[in-house]
2 protein chains.
Amino acid sequence: MSFKKVRNAHKTENTEDYLELISELLTIKGEARIVDIANRLGIAQATANKTIQRLQHQGFIKREPYRSIFLSVKGQKIASHSKKRHNTVFKFLLNLGLDEKTASADAEGIEHHVSDKTLKKMNKFNAKKNV
Amino acid sequence: MSFKKVRNAHKTENTEDYLELISELLTIKGEARIVDIANRLGIAQATANKTIQRLQHQGFIKREPYRSIFLSVKGQKIASHSKKRHNTVFKFLLNLGLDEKTASADAEGIEHHVSDKTLKKMNKFNAKKNV
DNA sequence: ATAGATTTATAGCCATAGCTATACTATTTA
DNA sequence: TAAATAGTATAGCTATGGCTATAAATCTAT
């Protein structure tokens, strides 16, 4: 049943979004704070904090109380993989003829459900279109 | 924030899967029973029952205790829309060059995150490829 | 018609993700 | 430096979706 795969994807989806975002904040700002994460995700700060706690317990991130959040090696791997995948899907949608806004919005949802095989096909398509 | 859209999609995702499946069971078997739904989705019967209760309260389905499940008009609309969308995404992935199995599995996850604009582009692509 | 099998419903548990309200810590600024 | 502001943590609530175990209803077949 492919439904199981989808459910499984959902579990990791939120994790991937957080890790990708933290990585981005670390790059841009040098630190990743709860407030920024909450703002960027459009959720309450308490919710972000709770999820960050889970990610910490699961070994994806490192942090000291009241300090910036950092990625563990494990977390970094996932973040960079997610980032690549996101880029592929985003470019693919652009190459399909969509505007940036739509491509960006749809990529956000689609990226977590794209298998490696499909990702390869998207990359091929992108290569042809040469973007 | 597009993340909000994604979260919103998640809420309706499970609903759409159920309604689409019920519609399919009604067509094929003439009735949709909890056991069949649970089997097809790969979940416990009690879980299926609970979700069906929610769908009932939300007015998507109709049923009498211990009897088959039927779709309300509201439910039928969603089911048929979902079915169409699913087909488009599935065909699109086939046209991209993927095998049936992968196309089917990925479509299951992707379909819920495809906007109308993207759906149109996929349909165009399908029309060109003529499948 | 009733016993046994199947199906459906319910109870009670867990995890996740969302919220508000409030408490606590750190930083900034007057 | 002390007060105000900003940021973080915690408590307690909701809803969803997953599970197992068990009870209740329906079907089936003897």
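The values are calculated or read from the model by the stated rules, or taken from the named source; none is laboratory data. In this text, all values refer to a predicted model and were calculated from it rather than measured experimentally. Positions of Cβ are backbone-derived with ideal geometry, glycine not excepted, and every protein chain shown enters the neighbour counts. What goes into the accessible areas is simple: the full protein's heavy atoms, side chains included, and nothing from ligands, DNA or RNA. Shrake-Rupley method; radii C 1.70, N 1.55, O 1.52, S 1.80 Å.
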So the check is Cβ under 7 Å with 6+ separation or different chains; which pairs have a first residue in the stretch A:110-131 that's more than 7 Å from chain B (Cβ to nearest Cβ) and a second one that's basic (Lys, Arg)?
A:GLU111/A:ARG85; A:LEU119/A:ARG85; A:ASN126/A:LYS91; A:VAL131/A:LYS91
Only one residue in B:LEU26, B:LEU19 is more than 26 Å from A:SER115 (Cα to Cα), touching a strand residue (DSSP E or B) at 6+ places or on another chain (Cβ under 9 Å) and open to solvent by less than 70 Å² (accessible area, probe 1.4 Å). Which one?
B:LEU26
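Out of A:LEU93, A:LEU98, report the one residue that is free of Cβ contacts under 8 Å to residues at least 12 places away in the same chain and either within 16 Å of DNA strand C (Cβ to nearest atom) or of a type outside the set (D, E, K, R) (or both).
Unique residue meeting the criteria: A:LEU98.
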Which of the residues spanning the stretch A:53-64 are open to solvent by less than 90 Å² (accessible area, probe 1.4 Å), within 12 Å of DNA strand D (Cβ to nearest atom) and not β-branched (Val, Ile, Thr)?
A:GLN53, A:ARG54, A:LEU55, A:GLN56, A:ARG63
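When you scan the stretch A:103-131, how many residues do you find that are open to solvent by less than 50 Å² (accessible area, probe 1.4 Å) and either among the hydrophobic types (A, V, I, L, M, F, W, C) or within 17 Å of the chain's Cα centre (by Cα) (or both)?
16
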Those residues of the stretch A:35-47 which are crowded, with 18+ Cβ neighbours inside 10 Å and away from chain B (no Cβ under 14 Å) amount to none
Does B:ARG67 count as within 11 Å of DNA strand D (Cβ to nearest atom), open to solvent by 50 Å² or more (accessible area, probe 1.4 Å) and closer than 13 Å to B:THR15 by Cβ?
no
Of the conditions (1) within 12 Å of DNA strand D (Cβ to nearest atom); (2) away from every other protein chain (no Cβ under 12 Å); (3) aliphatic (A, V, I, L, M), B:ALA9 satisfies every one except a single condition; which number is it?
(2)
Name the residues in the stretch A:12-34 that are of a type outside the set (Ser, Thr, Tyr), more than 16 Å from A:ARG63 (Cα to Cα) and within 14 Å of chain B (Cβ to nearest Cβ), would you?
A:GLU13, A:ASN14, A:GLU16, A:ASP17, A:GLU20, A:GLU24
Checked the stretch B:56-65 for anything outside any strand (DSSP E or B) and touching a helix residue (DSSP H, G or I) at 6+ places or on another chain (Cβ under 6 Å); matches are B:GLY59, B:PHE60
Against the condition open to solvent by less than 80 Å² (accessible area, probe 1.4 Å), over 14 Å from the mean Cα position of the chain (by Cα) and over 25 Å from A:LYS5 (Cα atoms), how does A:LEU96 come out, does it pass?
yes
Here are some residues: A:LEU41, A:LEU71. Which one is closer than 28 Å to A:MET122 by Cβ, within 17 Å of the chain's Cα centre (by Cα) and within 12 Å of DNA strand C (Cβ to nearest atom)?
A:LEU41
Answer from A:LYS50, A:LYS83 - the residue that is away from DNA strand C (no atom under 12 Å from the Cβ) and open to solvent by 70 Å² or more (accessible area, probe 1.4 Å)
A:LYS83
